[in-house]
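The values are calculated or read from the model by the stated rules, or taken from the named source; none is laboratory data. Everything quoted here is computed from the prediction, not taken from an experiment. Note that we place each Cβ from the backbone using ideal geometry, even for glycine, and neighbour counts take in every protein chain shown.
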Amino acid sequence: MEILRVENLNKVYGKGENEVRAVDNVSFQVEKGEFVAIIGSSGSGKSTLLHLIGGVDRPTSGKVYIDGKDIYQLSNDNLAIFRRRQIGLIYQFYNLIPILNVEENITLPCDLDEQKVNAEKLQDLLKTLGLEKRKKHLPNELSGGQQQRVSIGRAIINSPAIMLADEPTGNLDSKASEEIISLLKLSNKKYNQTVIVITHDEKIALEADRIITIEDGKIIKDERNG
Amino acid sequence: MSVLKKLTIRNLKLNRKRTITTIIGIMLSTALICATFGLGTSFQKSLLQDAIKSSGDYHATFYHIPKEEQKYITENRQIDSYFITQDLGYAEIEKELPDSYNRYWLIKQYDEKALTNNGVQLVEGRLPENENEILIQDRAADYSNQEYQIGDMMHLKIGERYSSTGEKLGVTNPLETTEDDEQVLEKFVPTGEEKEYKIVGIMKRPSSELEPYYAPFLVCITYLPEDKIVGNADISVKYKDVTKTYEITEEISKQNGEENSYEYITNGDVLRWSGVSKSANIATTLYVVVGIVVGIIIFSSVFVIRNSFRIMITEKYRQYGMLASIGATSKQIKRNVLQEAFYLGAIAIPLGILGSLLAVFILVLLVQNLIGEYANMEFTFYFPWMAILIGTILSIVTIYLSSIIPARKAAKISPIEAIRSNTEIKINRKKIQAPKWVKKLFKIGGLISYKNLKRSKKQYRTTVISIVVSIAIFLALTSIIQYAFGFTDIYYYENIGYNIVVRSEEEENEKILQQYNEISKIEGIEQYSIQKMAYITIGKEYDNKELAEYYGESQSDRTIPMIAIEDKYYDELVQKLGISKEEARTGAILADNVSYYKDNKYTTSNQFTIKEGETIKCYQENLEEREEETPIENKKQMEIKILKRLGEEQTIGIGRGTHCLIVTEEFLQNHMPNYRISNMYIQAENPDEFSKELDTMEKIGYTNYNESLKETRAIRTVIYIFVYGFIAVITLIGVTNIFNTITTNMLLRSKEFAMLKSVGMTAKEFNNMIRLESIFYGLKSLIIGLPIGLLLSYALYKGFGTSMEITYQIPWASIGIAVLFVFIIVFITMKYSLNKINKQNIIETIRNDNI
């Protein structure tokens, strides 16, 4: 089943001589339950692509369909609502709300949606993330790896259509990185969660089902791992 | 110029808005301090000048100094200047004055300096230039129907006043008379000396030190040549150091020993406004008031300046970390912060001073134009050196103190800490715990707002305090106005239904009526009423014992007028009192409210112990001759029903505060056939024009109440200008504070906001969250500010209450204004920063902060 389709996506910054094509006519599809890694050098446009897929930025032209829905047809408010229900974003610097504790940060998308949080699911999630004992802690009381686990929890709590991770291990040591990767893999297997990860870490890329390589805003390689 | 210096200047230029708000904050504070002191100076100096003008430019006067001892005073090293006056003696006033109490001239001789420095206020003509020329008072000229005029000669027989027991009477002795004031007992004994004077000028009445209000003489002044100074001269001196006046005067007066000490007086008015006093007085009160005002100003100013600097450094936290990481020493960073403070101060302080000078200049001009005429004095702008000095020093100290603390903090920043994250916001889990109901009631947005308030407690406290100060001051000052005017209004002539009262000098009713009819034809009358009245005496049994005790028996006059007003006005009045027209014609309305001062408090009571509805016994008086001798039993007795007692209600035709019985014309004619026509009450469209018309008519007198009304209004306008001006500036300081804090706080959190949006918060939800935060914010300020303000206003009420019987009223209107104002300001500021944030791209915001 197709969960994501990108059609002729373009993102252009600047004008005339200063024009930069961050994303240049990109098209591809992702099936439900796939674990995709997007790799490319710094400035290749992979982050911009991810943000366009995540609905936090708007493209210059082209379309993004998530679960069959053309997301850029939505109004800003509806897009925001779509984001909290269907998209889980994980950033390199975690970007947690400093005044909310672990539990509150994780349940933030539910709360915004005014949904009841399934206590069992939350408990299970906290256990999976290894944060059971730290659920009342504030982000600044956690290590980097723990913070990133919180942000994974936040991304996954609403069982979104896709989970997008932007260099999730970029700020972590190798041990924490391994933990995060295995968590992402776990969520992919356990919840059949579609995951798209941006990275330039070969190791992570090798864990993925599929690797898309981007250069100068264009897909230059799209291959499946054995 | 070093790189760091360049960086500072560039920073100030780049953060233009922040720089401007900081400059405005410092400017307002400096300006307010300078203006307060400056106004104080100008008023004090104006009052001093006025005191000098009316009572003379000296600090003390020694009396009756023998010729040979004079040099011990005039050559004293402590004395700056002196002048000499002498009393030549009394002389009987030969022409008859209507006021028979004034029966002497007191001839004073002034030396050259005394003529210009002893408070002589020339109205017409010139000062005397030799010992044959003389100045008389305007009273003498007026009283005598201009019989004493410039150019006239006066032939005076000089003499002394002696009491019936043969003692010599002086300036401070009133006229000695018999108990009933019928006969004069003191004697005038001529010394044989005779003088011929030419009147060369007319002056205003001299100060009460020279001529007490009860004095039976009129002072006139002639020239005193130096060679004519004899013994017993009065020497007035001005000291080099006015603050030592009391000690030096005491010392000089006793230089011949305790028992031979000189008599002396000190010039109270001049000393008071020079800030010298033996006891608490107006000058001290003025200083206390100025002190309190300045205290409040400094308090709010320190907050504004401190806040601005803290915010500026918070914003540049990362930059300082960066500088540190490339090797800037903490000393350099500290210097950098202080330098920034220096530049800001260098721009803002002079601007503030200029602004304050302008403000003081305008205010003084305004006061002069509005009340100078009524107060009969000149308000002049004096350049307030001291105020500028004090304002500058205070501002510099505040700026230094408020920048040194953040500077030290900035210097201590560890580079990586600063670059990576905001340590300014140290969060403690316990401190930001929110009760469960917050989330339940206000959803997640409310929870975030609530927690945020708790997180940036310090910043919010600053802002809350500045709002609180504004609210409290506003409430307190509006109460002052309310109370101050609440009771001045009782005594002044606002909305009483008339502004001119005409009295006829005719004797017969017909002639008076004729005159009044003529007046009623003059154009510009809105309404008028002709008062008819007769006198009655109310029986002794209705005497208010307590009041009689207070005033003394003689004061409680039971004879009061029965006044009839025209039916139209009578009906209006009874309607206000709630009696039907029919019932109102069966009796009289009693006006007998008394307000008197007892036990340090104004109390209201009634002159008679008559109950409403009671029928009282009273006696008719014969108007032509109110013979005290006729025993009351012989007077015609009558019964009158008292319907109601008059309260605060006003009507044309009844003088304010008059004790009387108010009846219809018919009632008066039936009961008191010997009534007479009294005053005519007129509400004129233009009272001043109308007065001019009246001036042309003969045998009438009138009072124009518009003058007193204008005066009250002018004084009130001045007070309003000051009070509201003060509130405005304090509020402006508060607003600057609020603006600074909220915008910064919002900008610092823009990354968080972007985060919330990226996880799916809609714009609407986001705006709601911010709105909720504003409400929490405003509520907190109001919860603290309103009670403090109310407490202050109650304290003021207590202060006023000691001298006036008034009930405390919660100033609901002011509270409403304050509440509205707080929310409007907070919302506008939030909206402003929201617009800024909403314009930002989510991704760019999140990224920007990560670089």
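Below are the figures for this structure:
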{"quantity": "Matching option when the condition is within 14 Å of chain B (Cβ to nearest Cβ) and either touching a Gly at 6+ places or on another chain (Cβ under 9 Å) or in contact (Cβ under 8 Å) with a residue 12 or more places away in the chain (or both), among A:L108, A:L126, A:L122, A:L131", "calculated": "A:L108"}
{"quantity": "Filter result for A:S159 (at positive phi and more than 10 Å from chain B (Cβ to nearest Cβ))", "calculated": "yes"}
{"quantity": "Qualifying residue in the range A:53-61 (condition: more than 9 Å from chain B (Cβ to nearest Cβ), of a type in the set (D, E, K, R) and touching a strand residue (DSSP E or B) at 6+ places or on another chain (Cβ under 8 Å))", "calculated": "no"}
{"quantity": "Neighbours by Cβ (under 8 Å, 6+ apart or cross-chain): first from the range B:530-544, assigned by TED's automatic domain parsing to the domain that holds B:T615; second modelled with pLDDT under 80 and buried (at least 19 other Cβ atoms within 10 Å of the Cβ)", "calculated": "B:I530/B:G653; B:Q531/B:G653; B:Q531/B:I654; B:A534/B:E621; B:Y535/B:E621; B:I536/B:E621; B:T537/B:E621"}
{"quantity": "Residues of the range A:71-99 classified as at the interface with chain B (Cβ under 9 Å from one of its Cβ atoms) and outside any helix (DSSP H, G or I), total", "calculated": "11"}
{"quantity": "Single match in A:P168, A:P139 (criterion: buried (at least 23 other Cβ atoms within 10 Å of the Cβ) and either over 21 Å from A:T48 (Cα atoms) or within 20 Å of the chain's Cα centre (by Cα) (or both))", "calculated": "A:P168"}
{"quantity": "Lone unmet requirement of (1) more than 15 Å from A:Y94 (Cα to Cα); (2) in a helix (DSSP H, G or I) for A:N158", "calculated": "(2)"}
{"quantity": "Those residues of the range B:752-768 which are in contact with a helix residue (DSSP H, G or I) (Cβ under 6 Å, 6 or more places away or on another chain) and farther than 18 Å from A:N78 by Cα, in sequence order", "calculated": "none"}
{"quantity": "Test for A:G43: is it surrounded by fewer than 22 Cβ atoms within 10 Å (Cβ to Cβ), more than 10 Å from every other protein chain (Cβ to nearest Cβ) and part of a loop (DSSP other than H, G, I, E, B)", "calculated": "yes"}
{"quantity": "Residue ranges of strands (runs of 3 or more DSSP E) in the range B:518-619 with at least 3 members modelled with pLDDT of 80 or more and under 30 Å from B:E689 (Cα atoms)", "calculated": "B:525-538, B:559-565"}
{"quantity": "Single residue of B:T222, B:T165, B:T178, B:T191 found to be under 41 Å from the mean Cα position of the chain (by Cα) and hydroxyl-bearing (S, T, Y)", "calculated": "B:T222"}
{"quantity": "Top-ranked residue of the range B:738-761 - restricted to ones that are of a type in the set (D, E, K, R) and surrounded by fewer than 23 Cβ atoms within 10 Å (Cβ to Cβ), ranked as nearest to the other protein chains (Cβ to nearest Cβ)", "calculated": "B:E752"}
{"quantity": "Identity of the residue in the range B:213-243, in a loop (DSSP other than H, G, I, E, B) and in contact with a Lys or Arg (Cβ under 9 Å, 6 or more places away or on another chain), that ends up farthest from B:N117 (Cα to Cα)", "calculated": "B:P216"}
{"quantity": "Among (1) within 18 Å of A:L49 (Cα to Cα); (2) more than 8 Å from chain B (Cβ to nearest Cβ); (3) without any contact (Cβ under 8 Å) to a residue 40 or more places away in the chain, the one test that A:E103 misses", "calculated": "(1)"}
{"quantity": "Checking B:K451 against (1) modelled with pLDDT of 70 or more; (2) surrounded by fewer than 21 Cβ atoms within 10 Å (Cβ to Cβ); (3) within 14 Å of chain A (Cβ to nearest Cβ), the condition it does not meet", "calculated": "(2)"}
{"quantity": "Residue check for A:S182: hydroxyl-bearing (S, T, Y), at pLDDT 85 or above and either more than 25 Å from A:L100 (Cα to Cα) or in a loop (DSSP other than H, G, I, E, B) (or both)", "calculated": "yes"}
{"quantity": "Extreme residue, farthest from B:R461 (Cα to Cα), among residues of the range B:755-782 that are under 47 Å from the mean Cα position of the chain (by Cα) and of a type in the set (D, E, K, R)", "calculated": "B:R771"}
